[in-house]
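Enquirer: This is the structure, below, for whatever I ask next.
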Amino acid sequence: MAESLRVSVIGVGYLGTTHAVGMAELGHEVVALDVDADKVAQLSAGVVPFFEPGLPEVLTRALASGRLRFTTSYADVAANADIHFVCVGTPQLSGSNAADMRYVEAAMQSLAAELNTPCLVVGKSTVPAGSATRLAAVVAQAAPVGAGADLAWNPEFLREGHALQDTIQPDRLVFGVTTDSAERTLRTVYGSVIDAGCPVVVTDLATAEMVKVAANSFLATKISFINAMAEICEVTGADVATLAVALGHDDRIGPRFLHAGLGFGGGCLPKDIRGFMARAEELGVEPAVSFLREVDAINLRRRTRMVDLAVEELDGELNGKRIGVWGAAFKPESDDIRDSPALDVARTLKSRGADVAVYDPQALDNARKKYPELDYCPSAIDAAREADLILHLTEWAEFQTLDPVRLDGVTRGKRILDGRGALDPARWRAAGWSYRALGRP
Ligand SMILES: NC(=O)c1ccc[n+]([C@@H]2O[C@H](COP(=O)([O-])OP(=O)(O)OC[C@H]3O[C@@H](n4cnc5c(N)ncnc54)[C@H](O)[C@@H]3O)[C@@H](O)[C@H]2O)c1
């Protein structure tokens, strides 16, 4: 039986909730804090305030075990945990590419002010290079004499939609530490994960915080690479889907993240590559990551291309046309709409005169709250009602299995644009539809 530690998790959004539940699942005594009292009340009642497959069941189990509870009190977490994971948000600053570090700084300061015994503070949020060393000084200054907090960085790589599995069975653990005791504590916290064979990379703070932004930059680059190829395919008549299959057979390239479509969005990749560029500029090494500017531009051009294709399909006129949009989340198996390509396209088409009806299996509530100007429908069929054109913008399995024959007599036109290249063209064409996808003839 692995050793049980007293752990706190600070900031219970997508990352923090999953981490808190995961820590309890690993056998630790967990107290999780957020400044949002409503969120704390919901989680305490066993309700996960966002969609993540499997998480509600494990939250219920963790609450019932007595190993997990939620609080809004920093004094509570300081008194009842010896290792504190900071998981608050680092969104993009408005009007700048840089990451907004206010929440991380506030969380570290609030925690440090309440500390009364030596402990380990572990940053998990994605932060610009150089933050950890600066934050170590913030913690040291705010902590009362004798409290002696050590700071480590343990970046998180979980993917929404697979968050719990990625927490309990990660591909690797990265520990950025400055003391042997911090490494020992982290090895104990993740004892059962490490025993199960997970590789551990132990390094300094600067490398640990950089692993995350470098990984996201690589993934974003791979996606934009195939989307750049799609742009070329669109003028040469080549098929980007076949091209990707052929490229992916090369072991050095591999097939993953090589799926052409509407591109990436969400609360991580876009803001992480922009934050990386902003930080590189501050450090005087902007040219080293200037390629990320193009990665970002390629990504955003796919959204423009989708809008242009929709206009083209509707004979250049959006006024009086109805468009059914399938998908609002930035990716399937999530209700996260942060920087969602689907909603970006839907809103642009609406602003240009189309009547836009959106359906998503999980993200409707979030979308409705943020963008009330769009119409929302309770099913894919409802969103397609009287539509002149359907746009498939988030690749939920439900859209892939939907039989196009079910739309006979429902839509006004039989035209579909597949922004994710995930539908079966033969099936749609056999049912009498005009099917087009990005980068495909
Ligand atoms: N979402 C992901 O898939 C993911 C994956 C890996 C890394 N990350 C990184 O993790 C961090 C958190 O991301 P997220 O998606 O969970 O964000 P989020 O916005 O869902 O959650 C952030 C939470 O922090 C809380 N918070 C803000 N200020 C606080 C404070 N001073 N004290 C306590 N709580 C506070 C907010 O109320 C919110 O609940 C970011 O740096 C992100 O880049 C996220």
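The numbers here are math on the coordinates, done by the rules we state, and not lab data. Since the structure is predicted, the reported quantities are computational estimates derived from the model, not experimental observations. Don't worry about glycine lacking a Cβ; one is built from the backbone with ideal geometry, like all the others, and counts go over all protein chains shown.
Enquirer: Of Phe70, Ser131, Ile232, which is farthest on the positive side of the dipole of the chain, counting Cα position, with +1 on Lys and Arg Cβ, -1 on Asp and Glu Cβ, and the Cα centre as origin?
Expert: Working it through, the farthest residue towards the positive pole turns out to be Ile232.
Enquirer: For Cα pairs less than 8 Å apart in space and 6+ apart in sequence, what is the mean separation divided by the residue count of the stretch 66-189, i.e. the relative contact order in percent? Spell out each step's value before the answer.
Expert: Values: 170 pairs, mean separation 26.6, N = 124.
Reported relative contact order: 21 percent.
Enquirer: Related question: How high is the relative contact order of the stretch 304-441, in percent, counting Cα pairs under 8 Å that sit 6 or more residues apart? List each step's numbers first, then the result.
Expert: On the way: 272 pairs, mean separation 33.7, N = 138.
Here the relative contact order equals 24 percent.
Enquirer: A further question follows. Would you work out the relative contact order for the chain, in percent, from Cα pairs under 8 angstrom that are 6 or more residues apart?
Expert: RCO, the chain: 12 percent.
Enquirer: Work out the FRET efficiency for Phe291 and Ala45 from their Cβ-Cβ distance, taking R0 = 56 Å, and round it to the nearest 0.05. Please list the in-between numbers first.
Expert: On the way: r = 47 Å, r/R0 = 0.84.
With a Förster radius of 56 Å, E is 0.75.
Enquirer: How fast does the stretch 107-227 diffuse by Stokes-Einstein, in µm²/s, taking the Kirkwood radius from C-alpha pairs at 4 °C and 1.567 mPa s?
Expert: The calculation lands on 84 µm²/s.
Enquirer: While we're looking at this one, here's another question. So between Thr179 and Ala430, what do we pick up on full extension, going 0.36 nm a residue minus the alpha carbon distance?
Expert: Contour length minus Cα-Cα distance gives 83.9 nm.
Enquirer: Given H placed 1.01 Å from N in the peptide plane, which residues other than close sequence neighbours of Val325 have an amide H under 5 Å from its amide H?
Expert: Ala357, Val358, Tyr359, Leu391
Enquirer: If you count the DSSP beta bridges with both ends in the stretch 76-155, what percent of them are antiparallel, to the nearest 5?
Expert: On the way: 1 of 10 bridges.
Counting only bridges with both partners in the stretch 76-155, antiparallel ones make up about 10 percent.
Enquirer: Right, next: Of the DSSP beta bridges with both residues in the chain, give the percent that are antiparallel, rounding to the nearest 5.
Expert: 5 percent
Enquirer: How big is the charge dipole of the chain about its Cα centre, in debye rounded to the nearest 20, if each Lys and Arg gets +1 on its Cβ and each Asp and Glu gets -1 on its Cβ?
Expert: Approximately 560 debye in magnitude.
Enquirer: Can you work out the FRET efficiency for the pair Ala2 and Val245, with r the C-beta to C-beta distance and R0 = 45 Å, to the nearest 0.05?
Expert: On the way: r = 43 Å, r/R0 = 0.95.
E(calc), rounded to 0.05, equals 0.60.
Enquirer: Moving on to the next point. Kindly write out, for the stretch 340-352 in residue order, the coupling ³J(HN,Hα) from the Karplus curve 6.51 cos²θ - 1.76 cosθ + 1.60 (θ = phi - 60°), rounded to whole Hz, with x marking Gly and Pro.
Expert: With the stated coefficients, the stretch 340-352 comes to 6, x, 4, 6, 4, 5, 4, 5, 5, 5, 5, 5, 9 Hz.
Enquirer: Taking R0 as 56 Å, what FRET efficiency do you get between Val35 and Ile232 from their Cβ-Cβ distance, rounded to the nearest 0.05?
Expert: Once rounded, the FRET efficiency stands at 0.70.
Enquirer: Now a separate question. Under the 0.36 nm per residue contour assumption, what length would be gained going from the current alpha-carbon distance of Thr188 and Val410 to full extension?
Expert: Values: separation 222, 0.36 × 222 = 79.92 nm, distance 5.83 nm.
Extra length available between Thr188 and Val410 comes to 74.1 nm.
Enquirer: For q values of 0.10, 0.18 Å⁻¹, compute log₁₀ I(q)/I(0) with the Debye formula on a Cα-only model of the stretch 225-371, without solvent.
Expert: For the stretch 225-371 at q = 0.10, 0.18 Å⁻¹, log10 I(q)/I(0) is -0.43, -1.18.
Enquirer: Same structure, new question: Please report the equivalent ellipsoid semi-axes of the chain, computed as sqrt(5 x eigenvalue) of the Cα gyration tensor, largest first, in whole Å.
Expert: Value: 42, 24, 20 Å, ordered largest first.
Enquirer: Non-local amide H neighbours of Leu173 (under 5 Å, H modeled in plane, Pro and chain starts lacking H): which ones?
Expert: For Leu173, the qualifying residues are Val200, Val201.
Enquirer: Any idea which of Ser379, Ser334, Val200 is furthest toward the positive side of the dipole for the chain, if Lys and Arg beta-carbons carry +1 and Asp and Glu beta-carbons -1?
Expert: Ser379
Enquirer: Rounded to the nearest 5, what % of the DSSP beta bridges within the stretch 1-117 are antiparallel ones?
Expert: The answer is about 5 percent antiparallel.
Enquirer: Now for a different question. With θ set to phi - 60° and the Karplus curve 6.51 cos²θ - 1.76 cosθ + 1.60, what are the ³J(HN,Hα) couplings of the stretch 313-326 in order, to the nearest whole Hz, using x for Gly and Pro?
Expert: Per-residue couplings from phi come out as 4, 9, 6, x, 10, 9, 4, x, 9, 10, 10, x, 10, 9 Hz.
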